[in-house]
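Data first, discussion second: the structure below is written as structure tokens.
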Amino acid sequence: MSLENHPKDAMLHDRSIGELGALLDRGEVSSLELTRHLLARIEALNPVLNALVSVTAAQAIAAASLADRRRAAGESGPLLGIPLIHKDIFCTDGVRTSCGSRMLDNFIAPYDATVVARLKAAGAVMLGKANMDEFAMGSSNETSFYGPVKNPWDLGKVPGGSSGGSAAAVAARLAPFATGTDTGGSIRQPAALTGVTGIKPTYGRVSRYGMIAFASSLDQAGVFTRSAADAATVLQAMAGFDPRDSTSVDLPVPDYRAALGASLKGLKIGLLKEFSDGLEPRNAALIEAALEVFRSLGAETLEMSLPNLPLSVPTYYVVAPAECSSNLSRFDGVRFGYRCEDPRDLMDLYKRSRGEGFGAEVKRRIMTGTYVLSAGYFDAYYLKAQKVRQLITNDFRAAFERVDLLLGPTTPTPAFAIGAKIDDPVTMYLNDIYTIGANLAGVPALSMPGGFIDGLPMGVQLIGPHFAEARLLNAAHQYQLATDWHDRVAPGIT
């Protein structure tokens, strides 16, 4: 995959958010030129990658022109005129919001999600909407109604999911950043498999208003960027209290960028026994190498245990489907979305609209969720899972009384082949074995590039206590100053 560039545009797509902002400030490039350059890349590369399901070229040109006028009038800002791609789970006024499903293939959102509105207010320019696993249910971006996304590092491999389109777009330099959501690892896992940086903030730190719900007590919006420094810039604009979201937390948002330069001397990092036991040797070597970098930066490392953490996967696959079953009951073929043709009666309308509109994985989770919530099984499954979830949360709280951050792998393996696991749901679910715990506890977590196995990127995961995003970003930034994994580009992406 390659694209001929005009000399003036050469490598413009490979600049960081900070570098692009400096070029815009100095007038060396306009937002309109930058936007057209990236739209040309999307036109050339997206047919191969399938990373975007909608390209909003006309809106992007208009937004870029507006950003240039704002700059000419004396305005400034770190995201003013910077292009982005939104995961197609965020409602965007006047633009299709499909959630990767046939059910919403014809849905035009009548308003902007809070995340979209805040980034728009900051002057960011939306280029389009990213492909994703249907209703965010998947770990490979193969359940999308629009087909699988290809990993830029190997077109025969998955990019991870559910935010695979967002991750692949940033990895392929189609945009300097993209939004995503993380319910059980859906930002961190694809970030790891595509060699980019992805952060899931604390539950409640970023508004869920206008973000189509999968599992309401687990879903959290976040961002994909090349680096932790860029992630700090974007998260600054996204985070904050929103009265329209009942789960939004009313706490001040710290200056994430100001915290990036802090020394790591004396920082305590815990290596979880549960993450290291049975870890594939080459992956374990990457984790040890990351720990050594942190030690060289002045951090202290120690081993520790979260005894209930191995129960994360079974707990998640009771809680998440239960909430999915409830949230997706609204898609009935009556009010909006897909509607079957010529229904015989109301029951036929419901059955066929849902049967034809949802894919196999979504149906599987709806049925599982309905079962665990049903009379006679609620106590045995759902209530018990919630009790175990509290034990896992307590383990994290106890750990953060001893250490500042936890470190471990993001995924068990590098990206796997498209089609390799799609017919084996249990094996697919185990791809999130290292990420789910943070969602159950509601704590922030970040994945950053940490090396390669068989030429494919692998991620290192950092987990922090509630509302410690600044600490996570600081640690990741210092690590990235000492390494260059995050600067590596997939072969053929030029």
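When the charge dipole of the chain is built from unit charges on Cβ atoms (+1 for Lys and Arg, -1 for Asp and Glu) and taken about the Cα centre, the candidate among Ala172, Leu80, Val426 whose Cα reaches farthest toward its positive end is Leu80.
Straight-line cross-link partners of Lys120 among the lysines, defined as a Cα under 21 Å from its Cα and at least 8 positions apart when in the same chain: Lys87, Lys129, Lys200. Counting only residues at least eight positions apart within a chain, or on another chain, the lysines with an alpha carbon under 19 Å from that of Lys351 are Lys363.
Label-to-label distance, Ser296 versus Asn394, with points set 7 angstrom from Cα along the beta-carbon direction: 4.1 nm.
Across the chain, the mean sequence separation of Cα contacts (distance under 8 Å, 6 or more residues apart), normalised by length, yields a relative contact order of 18 percent. Take the Cα of Leu481, step 7 Å toward its Cβ, do the same at Arg330, and the gap between the two points is 4.4 nm. When both bridge partners sit in the chain, DSSP labels roughly 70% of those beta bridges antiparallel. Just from its helices, what would the mean residue ellipticity at 222 nm be for the chain, if runs of 4 or more DSSP H residues each count -39500 (n - 2.57) and the sum is divided by every residue, rounded to the nearest 500 deg cm²/dmol? Rounded to the nearest 500, the figure is -11500 deg cm²/dmol.
Count Lys and Arg as plus one, Asp and Glu as minus one, and take only other residues whose Cβ is under 14 Å from that of Pro310; the net charge is then -2. Using the Cβ atoms and a cut-off under 15 Å, what net charge is assigned to the surroundings of Pro281, where Lys and Arg are +1 and Asp and Glu are -1? After counting each charged neighbour, the total is -3.
When the Cα positions of Leu271, Gln220, Ile187 are compared along the charge dipole of the chain, Gln220 comes out farthest toward the positive end, with charges on each C-beta of Lys, Arg, Asp and Glu.
For the pair Asp277 and Thr370, label points projected 7 Å from Cα toward Cβ lie 3.8 nm apart.
Ignoring lysines fewer than eight residues from Lys157 along the same chain, the ones with Cα atoms less than 19 angstrom from its Cα are Lys421. For segment 79-185, the average shadow cast by the Cα convex hull is 6.3 nm², which is a quarter of the hull's surface.
Dividing the convex hull volume of the alpha carbon atoms of the chain by its residue count gives 139 Å³ per residue. Computed about the Cα centre, the dipole magnitude for the chain is approximately 540 debye when only Lys and Arg (+1) and Asp and Glu (-1) carry charge, each at its Cβ. Along the axis of the charge dipole computed for the chain (Cβ charges of +1 for Lys and Arg, -1 for Asp and Glu, origin at the Cα centre), the listed residues Gly128, Pro152, Leu297 are led at the positive end by Gly128.
Here, each number is a calculation from the coordinates, and none is a lab measurement. Please read all numbers here as calculations on a predicted model, not as lab measurements. As a convention, Cβ positions derive from the backbone with ideal geometry for all residues, glycine included, and neighbour counts pool all protein chains shown.
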